Amino acid sequence: MKLNQLKPLATSITGLFLLVPAAYFLLALSIRILFGSTAIYYDIAPSFLQAASEIFSFQKSGWILYGPLLAIFLNLLSVFKLKIEKKSGKTELVIYHHRYWLNTAVILQSLLFVIILTAYLIVEHYRY
């Protein structure tokens with residue numbers, strides 16, 4: 001019995017699309033830090049400061065943080081296949097690893113984005 005039927009190309013393309021908001025935010029943040037231009041950053045940053053009671057606050061800033069996490073989850077399901085096998089009367093969970101380079105690249109890029117965004121959130125938390 002297979003627990004995972006996800007196609008590797010579909011999950012990698014979905015993962016790449018989930019990384020777009022975080023990549024745009026990190027691009028705006030790096031432009032702000034390296035060159036001092038704040039125009040793009042201040043178009044994005046107010047969504048972090050808005051009240052939690054606003055109805056669409058998740059669409060604005062949630063995709064920046066949770067998009068890479070969802071991309072990691074989807075691509076891990078595609079790279080690692082879980083299978084339940086019965087061997088000599090015992091039921092075992094077997095993990096198979098497939099070498100899908102695009103899924104692995106999306107996982108690594110997502111991990112990098114999560115680390116950078118976590119560091120950004122920690123710095124902003126202690127800054128204010």
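Taken together, the values in this text are just the output of simple stated rules run on the coordinates, not laboratory data. Please read all numbers here as calculations on a predicted model, not as lab measurements. Positions of Cβ are backbone-derived with ideal geometry, glycine not excepted, and every protein chain shown enters the neighbour counts.
Couplings 3J(HN,Hα) for region 66-80, derived from phi with the Karplus relation 6.51 cos²θ - 1.76 cosθ + 1.60 (θ = phi - 60°), are 8, x, x, 5, 5, 5, 4, 4, 4, 6, 5, 5, 7, 7, 9 Hz, where x marks Gly and Pro.
Regarding region 8-127, what whole-number volume in Å³ per residue does the convex hull of its Cα atoms give? Provide the component values of the computation, followed by the final result.
Details: hull volume 17.9 nm³, N = 120.
Residue-normalised Cα hull volume stands at 149 Å³.
In order along region 84-90, phi translates into HN-Hα couplings of 9, 10, 9, 10, 6, x, 10 Hz, rounded to whole numbers, per the Karplus curve 6.51 cos²θ - 1.76 cosθ + 1.60 with θ = phi - 60° and x for Gly and Pro. Placing dummy labels 7 Å off each Cα toward the beta-carbon, the span from Tyr96 to Arg32 is 4.6 nm. About its Cα centre, the dipole of region 8-127 is roughly 540 debye, where the only charges are +1 on Lys and Arg Cβ and -1 on Asp and Glu Cβ.
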